[in-house]
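Student: Quick one: the structure is below, questions incoming.
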Amino acid sequence: GTKSSVLGVLALLLAAAGLFSAIALHRAAPDALTRRERLLPQLTPVWALGWWLFAGLSQIEHLRSPWATGLALAFGALTVALLAALAHRRVWPWLQRLGHATALLFAIGGMVIALDHRPSYEGGAVGWLLLLAAHYWGLWRSERDAATAPDPAAHVLPTLLKVWLGSLELAWHLRDQLGGDWPILAHGLAPAFALALIAAFPRSWPVHHHARLYAHGVAAPIAAWLLLWIVHGSLYANGNAAPLPTWPLLNPLDLSVLAVAAALVFWWRRRDPVDWQWLARLPLPHAELALVPTLAVIAAFAWANGALVRGLHYAAGTPLKGLALLYSALLQASFSVFWSGVGFGAMWWAARRGLRAVWLVGAALMVVVAIKLFAVDTAGTGTLARITAFLFVGVILLVAGYFAPLPERGSAAASERSD
């Protein structure tokens, strides 16, 4: 104990000496320093900061407190706040950058602990709150004092970190209380809530002052993650709602997917189109109009198929995973009917709108259904489900040829000009 205290005092003395030396070098005129000495105003604060961190963290470890994680993060918050205050007082942007780096260093350490336990472990909830508050306070003050370009990492990384921490904490509680597939919901609902907040408060700091940065660096990655979450959760999750009853569509997984989809639609409708003009420069025809709807349709199709598999599993006992899906007559017949319905719907809508590309996609899905009927469904002829599927798909093909003819080339553009 005495040895640790002595080391702590010595480290504090070295940190103080380094700080006073750094201030003196910062005050010195550039002409008073040689070419090699001009690096010292940047190196000496790093030296002082290193000894300061060693002194504080060594004492926290020596305490062996059950709140060690929270104390360490709170110490990081204190350090970040002191660096921000000193940078403001001395007009020293380098100290503000050191503050950002310090916040990132403590965040990495906290994330390592959160992976093994949870973000709120050992008082981490208070510590994380203080660390993020100190970081944003320093960031707000530095941007208020000097109208400089924002550091993208200082904005993007903490925001994504908050979303990740919220997901981990919610997943831990769901796993501890319910188990099953419930923790999966946290990794969709927490990011969806964050995306909805960004869309709902576009005039608040820091989103308003750095709209394009948050659109590309925060909102776009969260939206991409949510689309991947919808696809992955819909295709690989079991959908077990225990201890609640598991009903088709009216279960936590499918309702969460709908909530995530609502957040995505809300954000996309509230976005600033100016921030997304770069989509038009992609090497794709009508990329700004086709890319986002295509991704949304893929996610929706994956969810609908997953919901169909889960609904039949819990209602009729069909397989849920693996190669057994191929040998279920009821499931394969349901796929054929569902896919043909989707294909016909796409062809009918495209014929009315004059969207030739959409019509071709619907027709391609109908071709896939036809091939599937002969390659997969005929493996066990004679079942009522397969016979019903053949009849239904045949009727759909006949109806599609009459009510949904192929649009002429350029019909969509012509209809737009007429409107």
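Student: Once you place label points 7 Å from the Cα toward the Cβ at Asp272 and Leu13, how far apart are they in nm?
Tutor: For Asp272 paired with Leu13, the spin-label model returns 5.4 nm.
Student: Relative contact order of the chain: what whole-number percent is it, with Cα pairs under 8 angstrom and at least 6 residues apart?
Tutor: That works out to 10 percent.
Student: Ordering His210, His232, His26 by how much accessible area each has at a 1.4 Å probe, largest first, what is the list?
Tutor: On the way: His210 25, His232 115, His26 65 Å².
Ranking His210, His232, His26 by accessible area, largest first, yields His232, His26, His210.
Student: Select from Pro119, Pro191, Pro66 the residue whose mean-square fluctuation is largest in a Gaussian network model of the chain (Cα-Cα springs shorter than 10 Å).
Tutor: Pro66
Student: How much of the accessible area of region 96-247, probe 1.4 Å, is carbon plus sulfur, in whole percent?
Tutor: Values: 5190 of 7500 Å².
Carbon and sulfur: 69 percent of the exposed surface of region 96-247.
Student: What list of ³J(HN,Hα) values in whole Hz, one per residue of region 117-131 in order, does the Karplus curve 6.51 cos²θ - 1.76 cosθ + 1.60 (θ = phi - 60°) give from phi, with Gly and Pro shown as x?
Tutor: For region 117-131, the Karplus curve yields 10, 6, x, 8, 5, 6, x, x, 4, 5, x, 5, 4, 5, 5 Hz.
Student: Just to be sure I understand: with springs between alpha-carbon atoms less than 10 Å apart, which residue in Leu253, Leu398, Leu170 has the highest mean-square fluctuation in the Gaussian network model of the chain?
Tutor: Looking only at Leu253, Leu398, Leu170, the largest GNM fluctuation is found for Leu398.
Student: Still on this structure, I have one more. Need the full-extension length gain, Ala259 to Ser204, defined as separation in residues times 0.36 nm minus the C-alpha distance. One decimal, nm. Please report the intermediate quantities before stating the final value.
Tutor: Values: separation 55, 0.36 × 55 = 19.80 nm, distance 2.40 nm.
The span from Ala259 to Ser204 would gain 17.4 nm if fully extended.
Student: So how do Arg118, Arg144, Arg89 rank on accessible area, 1.4 Å probe, biggest first, that is with the largest at the start?
Tutor: On the way: Arg118 65, Arg144 130, Arg89 185 Å².
Highest to lowest solvent-accessible surface, that is Arg89, Arg144, Arg118.
Student: Let me ask something else. For region 336-380, list residues with backbone N below 17 Å from a point placed 7 Å from the Cα of Leu326 toward its Cβ?
Tutor: Residues 336, 369, 371-380 fall inside that zone.
Student: Follow-up. With only Lys, Arg, Asp and Glu charged, each at its Cβ (+1 for the first two, -1 for the last two), find how big the charge dipole of the chain is about the Cα centre; round to the nearest 20 debye.
Tutor: Working: 29 positive and 19 negative charges, 121 e Å.
Magnitude of the dipole: close to 580 debye.
Student: I want to check the label-to-label distance for Leu43 and Ala224. Put each point 7 Å from Cα in the C-beta direction and report it in nm to one decimal.
Tutor: Here the answer is 4.0 nm between the modelled labels.
Student: Arrange the residues Val342, Val207 by how much accessible surface each exposes, largest first, with a 1.4 angstrom probe.
Tutor: Numbers: Val342 55, Val207 25 Å².
Sorted by accessible area, descending: Val342, Val207.
Student: Would you mind telling me which residue in Ala194, Ala333, Ala84 has the biggest mean-square fluctuation in a Gaussian network model of the chain, where springs connect alpha carbons within a distance under 10 angstrom?
Tutor: The residue with the greatest mean-square fluctuation here is Ala333.
Student: Next question, about the same structure. Can you work out the FRET efficiency for the pair Leu249 and Glu408, with r the C-beta to C-beta distance and R0 = 41 Å, to the nearest 0.05? The partial results should precede the final answer.
Tutor: Working: r = 39 Å, r/R0 = 0.94.
Plugging the Cβ-Cβ distance into 1/(1 + (r/R0)^6) gives 0.60.
Student: Roughly how many Å² is the accessible area per residue of the chain, as a whole number, for a 1.4 Å probe? Could you put the intermediate results ahead of the total?
Tutor: Numbers: 23600 Å² over 419 residues.
Per-residue value: 56 Å².
Student: Right, something else. Can you tell me how region 61-195 classifies by the Cα gyration tensor, rounded, prolate or oblate, using a/c under 1.5 as the rounded cut? Each step should come with its number before you reach the end.
Tutor: On the way: a/c = 3.33, a/b = 1.60, b/c = 2.08.
Verdict is oblate for region 61-195.
Student: What nm value, rounded to one decimal, do you get for the distance between Leu391 and His232 when each label is placed 7 Å out toward the C-beta?
Tutor: 4.3
Student: Do the sum for the chain: with -39,500 (n - 2.57) for every DSSP H run of n ≥ 4, divided by all residues, what is the mean residue ellipticity at 222 nm, to the nearest 500 deg cm²/dmol?
Tutor: Numbers: 15 runs with 307 residues, N = 419.
Roughly -25500 deg cm²/dmol at 222 nm, from the helical runs in the chain.
Student: Between Ile371 and Met111, what length in nm is gained on full extension when 0.36 nm per residue of separation is reduced by their alpha carbon distance?
Tutor: Working: separation 260, 0.36 × 260 = 93.60 nm, distance 4.94 nm.
Between Ile371 and Met111, full extension yields an extra 88.7 nm.
The values are calculated or read from the model by the stated rules, or taken from the named source; none is laboratory data. If you're wondering where the values come from, they're calculated on a predicted model, not measured in any experiment. Glycine gets a Cβ as well: all are built from the backbone with ideal geometry, and neighbour counts include every protein chain shown. Each accessible area value is taken on the protein alone, full model and side chains, heavy atoms only, with ligands, DNA and RNA left out. Shrake-Rupley method; radii C 1.70, N 1.55, O 1.52, S 1.80 Å.
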